[in-house]
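Input: a single structure, listed below in structure tokens.
The values are calculated or read from the model by the stated rules, or taken from the named source; none is laboratory data. Keep in mind the model is a prediction, meaning the values are calculated, not measured. Here Cβ is always computed from backbone atoms with ideal geometry, including for glycine, and neighbour counts include all displayed protein chains.
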């Protein structure tokens, strides 16, 4: 985990102090690492099912509150959005992603971005890429984004925290579908 992302962000007391290519000089034996999912992981599956969408739209800070955990208090949830060509494509995307908890699972919101506090869908807050406005026939679906923990780090100000740089995530040699939620997995959870 110390060298597998292309770039990292190192935080001291909630503030970014470095954005190195590896974190070898910051690593200590008492640190623990977590792999956070990325919604980009499900886009290949959507394409394999011939679901028509427009993605890569950046990330947005919403008015929705994340659930606090330990020292990490509630912060605004960050989401990504994809524009689906039809209602049928949107429904199929929900069916596919609902089986993929490793890439955030089902969307958390469908439709009007204003309902979750996004004022202008053409202006993302994170991953500042130009976004064409939605077309009248397109359906917007929103998924939770792994940049929400960055908001939590900024708010809780831990002495040290390290995250991947936005968009520079860990890439595995496993396929997303290997982690799909199946009846067999469900029966083992009981």
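Please go through the range 124-136 and give me each residue that is in contact with a strand residue (DSSP E or B) (Cβ under 9 Å, 6 or more places away or on another chain) and more than 21 Å from residue 67 (Cβ to Cβ), ordered by number.
124, 127, 131, 132, 134, 135 - these are the residues of the range 124-136 that are in contact with a strand residue (DSSP E or B) (Cβ under 9 Å, 6 or more places away or on another chain) and more than 21 Å from residue 67 (Cβ to Cβ).
In this structure, does residue 108 turn out to be touching a residue at least 40 places away in the same chain (Cβ under 8 Å), under 25 Å from residue 150 (Cα atoms) and surrounded by 18 or more Cβ atoms within 10 Å (Cβ to Cβ)? Let's see the steps before the verdict.
Details: touching a residue at least 40 places away in the same chain (Cβ under 8 Å): yes; under 25 Å from residue 150 (Cα atoms): yes; surrounded by 18 or more Cβ atoms within 10 Å (Cβ to Cβ): no.
No, not satisfied.
Testing residue 14 on (1) touching a helix residue (DSSP H, G or I) at 6+ places or on another chain (Cβ under 7 Å); (2) free of Cβ contacts under 8 Å to residues at least 60 places away in the same chain, one condition comes back false. Which one is that?
So residue 14 meets the others, but not (2).
From 130, 113, grab the single residue that is more than 18 Å from residue 149 (Cα to Cα), surrounded by 15 or more Cβ atoms within 10 Å (Cβ to Cβ) and more than 16 Å from the chain's Cα centre (by Cα).
Values: 130 fails: surrounded by 15 or more Cβ atoms within 10 Å (Cβ to Cβ).
Selected residue: 113, the only one of 130, 113 that is more than 18 Å from residue 149 (Cα to Cα), surrounded by 15 or more Cβ atoms within 10 Å (Cβ to Cβ) and more than 16 Å from the chain's Cα centre (by Cα).
Criterion first (part of a loop (DSSP other than H, G, I, E, B), at negative phi and either surrounded by fewer than 14 Cβ atoms within 10 Å (Cβ to Cβ) or modelled with pLDDT of 85 or more (or both)) does residue 32 satisfy it?
Here the answer is yes, as residue 32 does meet what is asked.
Kindly indicate the residue of the range 74-90 that is surrounded by fewer than 15 Cβ atoms within 10 Å (Cβ to Cβ) and not in a helix (DSSP H, G or I) and also farthest from the chain's Cα centre (by Cα) among those meeting that condition.
86
Only one of 106, 93 is modelled with pLDDT under 90 and in contact with a helix residue (DSSP H, G or I) (Cβ under 9 Å, 6 or more places away or on another chain). Can you tell me which?
Unique residue meeting the criteria: 106.
Can you pull out the residues in the range 54-63 that are surrounded by 19 or more Cβ atoms within 10 Å (Cβ to Cβ) and not in a loop (DSSP other than H, G, I, E, B)?
Within the range 54-63, 59, 60, 61, 62 qualify.
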